[in-house]
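Enquirer: Here it is, the structure in full.
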Amino acid sequence: MKIHDLKPAAGSTKRKTRKGRGEAAGKGKTAGRGTKGTGARKNVPLGFEGGQMPLQRRLPKLPGFNPRNRVAYQGINVSQLDAHFADGDVVTPVELADKGLIRKPSERVKILGDGDLTTKLTVRAQGFSKSAEAKITEAGGSVERLARVLSGTADQPADEASTTE
């Protein structure tokens, strides 16, 4: 068998409709465009609604743009940690949610460096600003980066986490 011997299966191909080639052809006279009007005489612009104000002009023009893959963090300052946790405590997103400092423990948490920290804390979160990391280590505490916490899973340090970001 050679390439020039190949043929499509019987009934799998149809002939092209030749519009405007007489009544006997089935698409003669108006060639499937109906009778009279703009659509019968020329192409109607995309989005044209017959003179009605088109949808793209009816909708409000809002400023800005919202990226689809935005990575959102719940921010919390070290001064808040200092006020709500005692010396030697372990701070996790679950603990922060229990104290009402963040809304959801299942979302990412970033520790920010505003304020002073006097207590020695072990802080586990998904993100840290450089100043927050410096203040926590200066106070004698430690910083552990967590992998993204999914709902229903336990907090894990980033290097031990099986989930990828």
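Enquirer: How long is the gain from Lys14 to Gln52 if the chain were fully straight, where each residue apart is worth 0.36 nm and the alpha carbon distance is subtracted?
Expert: Details: separation 38, 0.36 × 38 = 13.68 nm, distance 3.92 nm.
That pair, Lys14 and Gln52, stretches by 9.8 nm at full extension.
Enquirer: Same structure again: Per residue, how many Å² of accessible area does the chain show with a 1.4 Å probe?
Expert: Numbers: 12670 Å² over 165 residues.
Computed with neighbouring chains in place, this is 77 Å² per residue.
Enquirer: Okay, next question. Over all directions, average the projected area of the Cα convex hull of the stretch 24-99 and note it in nm². Before the final figure, lay out each step's value.
Expert: Values: hull surface 49.8 nm².
Orientation-averaged projected area of the Cα hull: 12.5 nm².
Enquirer: Name the chymotrypsin sites (Phe, Trp or Tyr not before Pro) in the stretch 26-121 that are in a loop by DSSP and that have at most 12 other C-beta atoms within 10 Å, would you? Working shown, then result.
Expert: Numbers: sites: Phe48, Phe65, Tyr73, Phe85; in loops: Phe48, Phe65, Tyr73, Phe85.
Sites meeting the loop and neighbour criteria: Phe48, Phe65.
Enquirer: Can you list residues from other chains, or at least 5 along the same chain, whose modelled amide H is less than 5 Å from the amide H of Gly75?
Expert: It is Lys110, by chain and number.
Enquirer: DSSP loop GluC sites (Glu not before Pro) in the stretch 1-109 with at most 13 other Cβ atoms within 10 Å of their Cβ, which ones?
Expert: Values: sites: Glu23, Glu49, Glu95, Glu107; in loops: Glu49, Glu107.
Qualifying residues, ordered by number: Glu49.
Enquirer: Per 10 Å bin, what is the whole-percent P(r) computed from every C-alpha pair distance within the stretch 56-127?
Expert: Using 10 Å bins, I get a P(r) of 17, 43, 17, 12, 8, 3 for the stretch 56-127.
Enquirer: Here's another thing I want to ask about it. Roughly speaking, to the nearest percent, how much of the chain's 1.4 Å accessible area is carbon and sulfur?
Expert: Values: 6250 of 12670 Å².
Exposed carbon and sulfur together represent 49 percent of the surface.
Enquirer: OK, next. What number do you get for the chain when its Cα radius of gyration is normalised by 2.2 N^0.38 Å, N = residues?
Expert: Values: Rg = 33.0 Å, N = 165, 2.2 N^0.38 = 15.3 Å.
Ratio of Rg to 2.2 N^0.38 Å for the chain: 2.15.
Enquirer: Shifting gears a bit: So which of Lys7/Lys29; Lys14/Lys36; Lys104/Lys135; Lys104/Lys130 end up more than 28 Å apart by C-alpha?
Expert: Working: Lys7/Lys29 35 Å; Lys14/Lys36 30 Å; Lys104/Lys135 25 Å; Lys104/Lys130 24 Å.
Over 28 Å Cα-Cα: Lys7/Lys29; Lys14/Lys36.
Enquirer: Further, regarding this structure: List the relative contact order of the chain as a percent without decimals, with contacts defined as Cα pairs under 8 Å and 6+ residues apart. Show your work: numbers first, answer last.
Expert: Values: 218 pairs, mean separation 23.0, N = 165.
Normalised by residue count, the contact order of the chain is 14 percent.
Enquirer: Report the calculated FRET efficiency for Asp87 and Arg148 (r = Cβ-Cβ distance, R0 = 22 Å), to the nearest 0.05. Write down the numbers at each step before the final one.
Expert: Details: r = 29 Å, r/R0 = 1.33.
Here the calculated transfer efficiency is 0.15.
Enquirer: Further question: For the stretch 4-46, what is the Kirkwood estimate of the hydrodynamic radius, computed as the reciprocal of the mean inverse distance between distinct Cα atoms, to one decimal in Å? Spell out each step's value before the answer.
Expert: On the way: mean 1/r = 0.0760 Å⁻¹.
For the stretch 4-46, the Kirkwood estimate is 13.2 Å.
Enquirer: Which Cα, out of Ala83, Pro67, Gly26, lies furthest along the positive dipole direction of the chain (beta carbon charges, K/R +1, D/E -1)?
Expert: Checking the options against the dipole of the chain, the answer is Gly26.
Enquirer: At 7 Å along Cα-to-Cβ for each site, give me the label-to-label distance between Asp116 and Thr35 in nm.
Expert: Each label point is offset 7 Å from its Cα along the Cβ direction, giving 9.1 nm.
The values are calculated or read from the model by the stated rules, or taken from the named source; none is laboratory data. Since the model is a prediction, treat every value here as computed from it, not as a measurement. For neighbour counting, all protein chains shown are included, and Cβ atoms are generated from backbone atoms with ideal geometry for every residue, glycine included. Note: areas computed on protein heavy atoms with side chains; ligands, DNA, RNA excluded. Shrake-Rupley method; radii C 1.70, N 1.55, O 1.52, S 1.80 Å.
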